[in-house]
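Engineer: Input: one structure, supplied below.
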Amino acid sequence: ALREVPVHRPRAGEVRVRLLASPIDPMDQLILRGHYPLRPPLPAVPGAEGCVEIVEVGPDCGAWSVGDHALLPIRAGAWRSTWVCETEGLYRLPPGLDPVQASMLRVNGATALALVEGVSEGEWIVQSLGSGGVGQAVIQLARARGVRTASVVRGARWVEPLTRLGADRVVSADEQGFPQKLRHQLRDLDGPVVRALDGLGGDATASLARACGRGATIFHYGAMSKQGPHVGVADLIFRGVRLEGFWLYALNQARGPQREREALDTLCASPPRFAVDSRWPLAAWRDALARAAHPECRGRVVFAAEQIGTSERV
């Protein structure tokens, strides 16, 4: 439901912010359905990540100023027009970044950056969800490092956009044709497949495993198929393929806030671009959620302010 609530003046260490942009991420849909392991106490405001503008500054807020743009902490409840929050956890954005694109850096961008770390120039990454927000960022971040990518997509409409982003191979395949088509497309690669990234689960994971080289690692970071990952015994035992779960929350907890800020610094220095399907006002949240779940959705659905970049209240 959409509700109006009073907003108090910022106290020490607090600022009032207004929402510039917040995407509807898979994490948001899982939280709304009660399927995410971290469940906020109800009533709660959804919105896993977002970009805001500072519109009022309380005492003792350091160098924060009205007009600054910032990324919210993850799961801060971004789907609201204006509110007061603590400055701790906010990440100051450099000037000039598109707020809609920047709003996807703290979850989608940071996940992609972590997933390409450790892969060397000339090696290959194969991924099962190349058209997703993480998949798009992986393509661009890998390209900048000389790492090659092969991305599986559902529908030929994604082949040209991902190729423009820098994908070396884009395999369009439905569930039935996935395993055979993937093996055919990847049989002549000029380097080893050392890592697979799986956001689907189910039999897609097994197909990725068969495409990997000996000793490769599969990082399973999502299950859009609503199935757990399936990997063949021969790949796990006789070819030494490893299957590991990836959760950005656990990584950030282990690394600490300084490492998280350093990752965001890296992303902001050369930010990846994300496909945006459509922008919606918060008042149209029902239609926005329906669009995000539609099979023809072509990119992220984003809640966005009508006047991005101004200091006017939404």
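The values are calculated or read from the model by the stated rules, or taken from the named source; none is laboratory data. Please read all numbers here as calculations on a predicted model, not as lab measurements. Calculation scope for accessible area: heavy atoms of the full protein, side chains included, ligands and nucleic acids excluded. Shrake-Rupley method; radii C 1.70, N 1.55, O 1.52, S 1.80 Å.
Engineer: Suppose a student asked you for the relative contact order of the chain, using Cα pairs under 8 Å spaced at least 6 residues apart; what percent would you report?
Structural biologist: Here the relative contact order equals 17 percent.
Engineer: Can you check how the C-alpha radius of gyration of the stretch 146-293 compares to 2.2 N^0.38 Å, as a plain ratio?
Structural biologist: 1.20
Engineer: Counting only heavy atoms of the protein chains, get the accessible area per residue of the chain (1.4 Å probe) and round it to a whole Å² value.
Structural biologist: On the way: 15130 Å² over 314 residues.
Solvent-accessible surface per residue comes out at 48 Å².
Engineer: Same structure again: Please report the spacing between the Cα centers of the stretch 231-262 and the stretch 59-81 in Å, no decimals.
Structural biologist: The stretch 231-262 and the stretch 59-81 have Cα centres spaced 30 Å from each other.
Engineer: Put Trp64, Trp124 in order of accessible area, largest first, 1.4 Å probe: what do you get? List each step's numbers first, then the result.
Structural biologist: Details: Trp64 35, Trp124 5 Å².
Largest accessible area first, the list is Trp64, Trp124.
Engineer: Applying the Karplus parametrisation 6.51 cos²θ - 1.76 cosθ + 1.60 with θ = phi - 60° to the phi angles of the stretch 117-128, what ³J(HN,Hα) value in whole Hz is obtained for each residue in order, glycine and proline being reported as x?
Structural biologist: For the stretch 117-128, the Karplus curve yields 5, x, 8, 8, 4, x, 7, 10, 10, 10, 9, 8 Hz.
Engineer: Over the heavy atoms of Cys212, what accessible area does a 1.4 Å probe trace out, to the nearest 10 Å²?
Structural biologist: 10
Engineer: Nearest 10 degrees is fine. How inclined is helix 257-269 to the longest principal axis of the chain, computing both from alpha carbons?
Structural biologist: The answer is roughly 80 degrees.
Engineer: Ordering Leu243, Leu20, Leu129 from largest to smallest accessible area (1.4 angstrom probe), what's the sequence?
Structural biologist: These residues rank, largest area first, as Leu243, Leu129, Leu20.
Engineer: When the expected Rg is taken as 2.2 N^0.38 Å, what fraction or multiple of it is the alpha-carbon Rg of the stretch 14-59?
Structural biologist: Cα Rg divided by the expected 2.2 N^0.38 Å: 1.40.
Engineer: Largest first and in whole Å, what are the equivalent-ellipsoid semi-axes of the stretch 1-82 based on the Cα gyration tensor, each being the root of 5 times an eigenvalue?
Structural biologist: In descending order the semi-axes read 25, 14, 12 Å.
Engineer: Go through the stretch 148-163 residue by residue and turn each phi into a ³J(HN,Hα) via Karplus (6.51, -1.76, 1.60, θ = phi - 60°); whole Hz please, and just put x for glycine and proline.
Structural biologist: After applying 6.51 cos²θ - 1.76 cosθ + 1.60, I find 8, 10, 10, 10, 8, 10, 9, x, 5, 5, 8, 4, 5, x, 6, 5 Hz.
Engineer: Given that compact globular proteins tend to follow 2.2 N^0.38 Å, what is the ratio of the alpha-carbon Rg of the chain to that value?
Structural biologist: Normalised Cα radius of gyration, the chain: 1.03.
Engineer: At a probe radius of 1.4 Å, what is the per-residue accessible area of Asp188, in Å² to the nearest 10?
Structural biologist: Asp188 exposes around 100 Å² with every protein chain in place.
Engineer: Please list the equivalent ellipsoid semi-axes of the stretch 1-144, computed as the square roots of five times the alpha-carbon gyration tensor eigenvalues, in descending order and whole angstrom.
Structural biologist: So the equivalent ellipsoid measures 30, 20, 12 Å along its semi-axes.
Engineer: If you roll a 1.4 Å probe over the chain with all protein chains in place, what percent of the accessible area is carbon or sulfur?
Structural biologist: Result for the chain: 51 percent of the exposed heavy-atom area is carbon or sulfur.
Engineer: A follow-up question, please. Any idea of Arg169's accessible area? Nearest 10 Å², probe 1.4 Å.
Structural biologist: Here the accessible area works out near 60 Å².
Engineer: Enumerate the whole-percent occupancy of each 5 Å bin, from 0 to the last occupied one, for all C-alpha pair distances of the stretch 228-281.
Structural biologist: In order of increasing distance, the bins hold 4, 12, 12, 12, 13, 15, 16, 10, 3, 1, 0 percent.
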